[in-house]
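Beneath this line is the structure, given in structure tokens, with notes to follow.
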Amino acid sequence: MQLYTTREIEQLQQHEDLYSLIKIMEWVKNFLGRPHPNLGRPGVVCPFVPYSLKSNSIRLAVIHTENLYPEQLEEVVGRYRDIFLEIDNNEQELAINKAFLLILPDIHIDDASKVVDSIQQKLKPLFVESGLMIGEFHKRNESPGLHNPNFRPLRSPIPLLAIRFMVEADLPFLVSPADPRLRIRYLEAYLQRFGHNFTDATKFKNAQQALALAKEQLKKENLVSSCI
């Protein structure tokens with residue numbers, strides 16, 4: 001379970017996974033870390049990337065999945081979650097910019113939507129309740145950008161899963177599930193993580209309202225079920 005910072009990758013001379021590591025490192029720098037004309041807002045695609053690169057806070061790992069069952073891959077990704085939480089950060093600012101990119105080069109492009117997305121969806125509740133976010137990236141990802149529905153910010157040259165700490169701006173990703181039970185889990189974890197430390201009062205209010213609506217929806221669904 002070897003992790004490499006971008007600076008360490010730049011120093012690698014020979015490595016069986018060098019191509020994958022360099023390919024994703026270049027994508028981080030040249031796509032995530034730069035503005036894009038279709039982004040729909042000023043700034044770079046991922047606002048945290050420039051400082052993450054500067055502070056050497058991004059770590060990359062390659063996971064070979066050829067001989068792994070889905071359950072085994074889930075276990076491996078779960079271990080990286082534990083490692084992520086165990087790594088000490090002396091400064092909160094550095095912690096916010098820390099990220100793991102778990103590269104999955106053995107997954108064929110035609111299988112990425114099924115394999116990568118399903119792993120992300122299954123593990124997301126565990127990650128969110130740990131104060132983390134896990135994102136799925138691959139060439140067939142159809143998730144739209146927040147500021148331009150025609151932009152696809154989660155497309156990467158090689159399939160990967162990204163791990164980072166939850167931030168206040170993640171609220172839109174936590175209110176999207178149709179299942180109110182899942183929304184309740186996500187929103188309660190979100191509110192618990194930030195507590196009374198919200199820097200944006202609007203997000204705090206929106207999260208509370210979304211949680212109340214999810215609970216009301218669940219209550220109505222339970223009532224309907226009991227009448228059937």
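The values are calculated or read from the model by the stated rules, or taken from the named source; none is laboratory data. All of these numbers come straight from a predicted model, not from anything done at the bench. Glycine also receives a Cβ, built like all others from the backbone with ideal geometry; neighbour counts cover every protein chain displayed.
Out of all the residues in region 211-227, is one or more closer than 28 Å to Ser52 by Cα, surrounded by 19 or more Cβ atoms within 10 Å (Cβ to Cβ) and not assigned by TED's automatic domain parsing to the domain that holds Val62? Break it down into steps so the answer makes sense when it comes.
Narrowing region 211-227 to residues closer than 28 Å to Ser52 by Cα: none.
Looking through region 211-227, none of the residues is closer than 28 Å to Ser52 by Cα, surrounded by 19 or more Cβ atoms within 10 Å (Cβ to Cβ) and not assigned by TED's automatic domain parsing to the domain that holds Val62.
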| Of residues in region 91-121 being within 13 Å of the chain's Cα centre (by Cα) and free of Cβ contacts under 8 Å to residues at least 60 places away in the same chain, the one surrounded by the fewest Cβ atoms within 10 Å (Cβ to Cβ) | Gln121
| message | If the requirement is being among the basic types (Lys, Arg), assigned by TED's automatic domain parsing to the domain that holds Ser20 and in a helix (DSSP H, G or I), which of these qualifies: Lys124, Lys139? | response | Lys124
| said: Out of the residues in region 47-68 meeting the condition of being of a type outside the set (Val, Ile, Thr) and touching a Gly at 6+ places or on another chain (Cβ under 7 Å), tell me which one is surrounded by the most Cβ atoms within 10 Å (Cβ to Cβ). | reply: Leu53
| said: I'd like to check which helices (runs of 4 or more DSSP H) are fully inside region 29-101 and have at least 1 residues that are of a type in the set (Val, Ile, Thr) and farther than 12 Å from Ile163 by Cα. | reply: 49-54, 70-86
| Do you know which of the residues in region 194-209 that are hydrophobic (A, V, I, L, M, F, W, C) and assigned to a helix (DSSP H, G or I) is surrounded by the fewest Cβ atoms within 10 Å (Cβ to Cβ)? | Ala201
